Each structure stands twice: as structure tokens, then as C-alpha cells.
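Written below as C-alpha cells is the structure these notes are about.
The values are calculated or read from the model by the stated rules, or taken from the named source; none is laboratory data. Note that the structure is predicted; figures quoted are calculated from it, not measured. Positions of Cβ are backbone-derived with ideal geometry, glycine not excepted, and every protein chain shown enters the neighbour counts. Each accessible area value is taken on the protein alone, full model and side chains, heavy atoms only, with ligands, DNA and RNA left out. Shrake-Rupley method; radii C 1.70, N 1.55, O 1.52, S 1.80 Å.
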Amino acid sequence: MISLNTFFKNKNLLESSLFKIIDDICNGSKIVNEVLLNGNPENFKSENVKNIQNEDVQKLDLIANNVFLEYFKNNLDIHGILSEENEKIIEGNSFGKYLIAMDPLDGSSNISVNIPVGSIFSIFQKKNMSVDLCEDDFLIKGKDQECAAYVLYGTSTILIIAFNNEVHGFTLNLKENDFFLTFPDLKIPKEGNIFSINEGNINSIDTEIFNYVEHCKELSSDGKRTHTGRFIGSLVADFHRNMMKGGIFIYPKTSDKPNGQLRLIYECNPIALIAEFSGSKSSDGNTSILEKKPKSIHERTAFITGSTKMVDKLLSFYKNE
Ligand code: FDP
Ligand code: ZN
């Protein structure tokens, strides 16, 4: 079994700044995993407060945020941090070359019902080291990310890392308290039959997406279903399943959320990089996610990603209009 350390050692990257950040993510995720497994009911409650995006904050959102922030603030290579849970950016070491954007606990509305959640990270270098840290530093295009990662706390705890045009998956072995390479060189199947969308929104979305969903529901000539619908409501879990099995994830603009639900910088960009490096693509319907230049740090976007042929099929509905 190849441990995460050995994996990076074999690539001559054990001493790199990037590995030190990944190591922080690993260590943080082990703590979050332990808190989740401990099952203390006190930790699975709502804080009865809203975050700046007017969403319920769960106790575990804050625990995960504090755990990762603690590691990142002590990492001398990290200059600044953007988190879903903090309205403002957080200063790190002013000599550090790296910036990190994170969703410390994704899918938090699922916590209280024992359904998988995740942590998402976007890692990139600060472009202009001669100016003080500011929000502009985080407003980069997704294609300028150096590395992206997520942890999925599911039936097992899995870390997916994308860098150097490759995607690799590591599983946490609780006995060894270490991550081991279990999914080398991941590639999303080009074709799939899973579609993941919250159908509660079906009557307030773009007609192109509505028509695509109708297409997914068409029966074959012998009356069998051609696709299957799956929506967990945790982006990391929904994306991960589709990456492993072949499928498409869609979170469109809706009348409730005219800019979409998901955050561009710390949810969609890292997932889009993982999609890209595993041979797939992402779009908001018009523009590739990795080409979008954010205007603000907590900006939202419509998000479509998954098996290339499914994404292309959906985008062809936009061209037909
Ligand atoms: P959550 O708010 O529970 O953290 O991060 C946003 C997110 O979950 C995604 O994980 C998930 O895909 C989506 O929102 C679910 O939103 P809906 O409940 O509107 O479908
Ligand atoms: Zn999230």
C-alpha cells in the first residue's frame, strides 16, 4: 500500500509547499472525521445563526472551519485564506506564496440526518507579492488554480487531489491513521447514465436544462429507462459518485437563486479542476467554469459538470434554441 507521504516522496514533492498544504488538509480532515464518528449529538445541532449567505450555520460547520483554519494559519507558506464561513478573508503569513479557498463542511444541511458531507479546497499562488493581501487576490479564474482537493466523509473517508493534470484518490485507514492510494489516476467515464439535479427547482430553471432533464427521462424503444436520477444534496458526494460511475451534476439558476446556489471560488472551481484533470469539463451553461473571472469572493454560479458526453449533450440544448 502506498501512503500519501510515499506517493509524494516518489514524485520528489515531499519537501514542497504544496505537499505541506495537502498534509494540513489531511491532518484537519482526520480531526473532522473523528468528530463526525464520535457522534456526540451536541455537535450535530444548528447554531441557530445564519452565515453571510443567509444559510443556517451548523455546529459542525464551525468546528470544521476552526480545525482547518488553525492548520492553515500555522503554515508559513499560506498568505491568506478565504472560507465559506467567514465574511472577510483571513491573513496568514505575509511571506507565504499560497492562497487557499475552502468550504470546510459542504452539504451541512445533511449533517443531522447522517448523510455524507465533504470539505473542498482550492489552492493557488498569490499573483502579486508586492501588494498587501486583499480580496482581489482571490478573484482568479479557476484555470489558475495549482491544486484542488476534496475530502468525502462517507462510507469511508476519501481524499481526492488534482494537480499536474492528474487526479488521485486516497482512503483513510483508521488503524494506521493515514491516507493510502486507492484510486490512482482517476478518469471520469466519458459517458454515463446518472443525472443529479434538485427536481424541486424544475419549474424555475432554464428551458434548456428542463429539456435536457426531459431527455434523460425518455424511455428506450423497448420501454426501459435510459437514465437514473440521484441527488444527495451534498455537492462533494454527488460529484464523487458521478466521477466514479459516470453521470452529470446540474445546479442551475433558479427563480429563488437567480445566480445559482453554489459558490464559484471554493465550491465550483476546485470541483471543476478535478473534473478537468480527470478528463471532463464544467460550464455555467454559457461559459466554462474555469474561465469565469469572479467579481466578489462569495459569488455564486450555475454549475454543470460530469461525464463529457453528457455535459456536451446538455450544452447542445443551449445551441438549439
Ligand atoms: P449545503 O447548502 O447543505 O452546504 O454547499 C451548498 C450545498 O449544500 C451543496 O452541497 C448541495 O449540492 C446544494 O447546496 C444543495 O442545495 P439544495 O438544497 O438547494 O438542493
Ligand atoms: Zn458547500
Practice task
Could you run through region 205-259 and say how many residues are open to solvent by 50 Å² or more (accessible area, probe 1.4 Å), under 24 Å from P104 (Cβ atoms) and touching a strand residue (DSSP E or B) at 6+ places or on another chain (Cβ under 6 Å)?
Solution key: 2
Exercise for the section: Could you tell me whether I111 is within 16 Å of ligand 2 (Cβ to nearest atom), open to solvent by 40 Å² or more (accessible area, probe 1.4 Å) and touching a residue at least 24 places away in the same chain (Cβ under 8 Å)? Expected result: no
Exercise for the section: For region 208-226, name all the residues that are touching a residue at least 24 places away in the same chain (Cβ under 8 Å) and farther than 30 Å from S112 by Cβ. Expected result: E208, N211, Y212, H215, T226
Completion exercise
Among the residues of region 78-98, the number that are in contact with a helix residue (DSSP H, G or I) (Cβ under 7 Å, 6 or more places away or on another chain), assigned to a loop (DSSP other than H, G, I, E, B) and either surrounded by 17 or more Cβ atoms within 10 Å (Cβ to Cβ) or free of Cβ contacts under 8 Å to residues at least 60 places away in the same chain (or both) is 4
Problem - Any chance L62 is more than 19 Å from L159 (Cα to Cα) and open to solvent by less than 70 Å² (accessible area, probe 1.4 Å) - result: yes
Problem - Residue check for M310: open to solvent by less than 10 Å² (accessible area, probe 1.4 Å) and out of contact with any Ser or Thr (no Cβ under 6 Å at 6 or more places or on another chain) - result: yes
Exercise for the section: Filter the strands (runs of 3 or more DSSP E) completely within region 120-200 down to those with at least 2 residues that are touching a helix residue (DSSP H, G or I) at 6+ places or on another chain (Cβ under 9 Å) and open to solvent by less than 20 Å² (accessible area, probe 1.4 Å). Expected result: 147-153, 157-163, 166-173, 194-196
Practice task
Please give the number of the condition I209 fails out of (1) in a loop (DSSP other than H, G, I, E, B); (2) in contact with a Gly (Cβ under 8 Å, 6 or more places away or on another chain).
Solution key: (1)
Exercise for the section: Output the residues belonging to region 142-194 that are of a type in the set (K, R) and free of Cβ contacts under 8 Å to residues at least 12 places away in the same chain. Expected result: K175
